[in-house]
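Trainee: Pasting a structure here, questions to come.
Here, each number is a calculation from the coordinates, and none is a lab measurement. Everything numeric here is computed off the predicted structure, so don't read it as measured data. Every residue, glycine among them, receives a Cβ derived from its backbone with ideal geometry; neighbour counts consider all protein chains shown.
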Amino acid sequence: MSSSGLHVLPDGTAPERISRRELAKALLGALAAGIPFPLNSHPIYNHLLSDALLDSADVHLSSQNSRPLFLSTERLHALDVLSEAFVPGSRKAKAAAFIDLLLSADTSEVQGKFLASLSSFELFSQEQYHAQIEALTPTQLDHLLTQLSAPDFPQHANFNHLKHWVVGAYYSSEIGMRELGWTPDRVFASFPVCAHSDGHE
């Protein structure tokens, strides 16, 4: 167990020890109590109301052989790389796979907007480095995100949209909720400021 109280899990092991349904109830309860949280204006919020979808997430994310439900395998890999760059720990929280599952149950409009945002990252990677996102070096990836995150960059809105999804997926996981101060034996009293709300690191 780490000093933060989280169990250190071997690679490939699902990080959640508590069901997504239970986690969602804690989040929704906090929002109802008026406690500010990164999800209160996020499209992920509506999915937290679906017990069936959350139950399927537990099964899907715990499987060692699950396949993408909406994104292609290549795009899921790219999203995984970007998620970890946006919010370190997202890979262990399986944020990319959770986003893929939520998108599979969302509207075509939401799906299209997400794909457009992800495509802008892919295109920029090809233009700048002639490589797919998952093939970029850490330095190249940091440079890509720095440029896309600039307020005056044409694709800045796409950067914010994708980051918003990643932040929502991460902070609705057990790992993310514990980072914000939640434990199973108590409700949230308050939330620390999200360390990843600005920038991409």
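Trainee: Given R₀ = 30 Å, FRET efficiency for SER72-GLN147 by Cβ-Cβ distance, to 0.05?
Mentor: Step by step, r from the Cβ atoms, then E = 0.75.
Trainee: Find how much the distance from SER19 to GLU109 grows on full extension, using 0.36 nm per residue of separation minus their present alpha carbon separation; answer in nm with one decimal.
Mentor: 29.5 nm
Trainee: Right, something else. Is the shape of the stretch 113-162 best called rounded, prolate or oblate, per the rule: a/c under 1.5 gives rounded, else a/b larger than b/c gives prolate, else oblate, with a ≥ b ≥ c the square roots of the Cα gyration tensor eigenvalues?
Mentor: Since a/c reaches 1.5 but b/c is at least a/b, the shape of the stretch 113-162 is classed as oblate.
Trainee: Right, here's the next one. Give LYS92/LYS163; LYS25/LYS163; LYS92/LYS113 a once-over and call out the pairs whose C-alpha atoms are over 21 Å from each other.
Mentor: LYS25/LYS163; LYS92/LYS113
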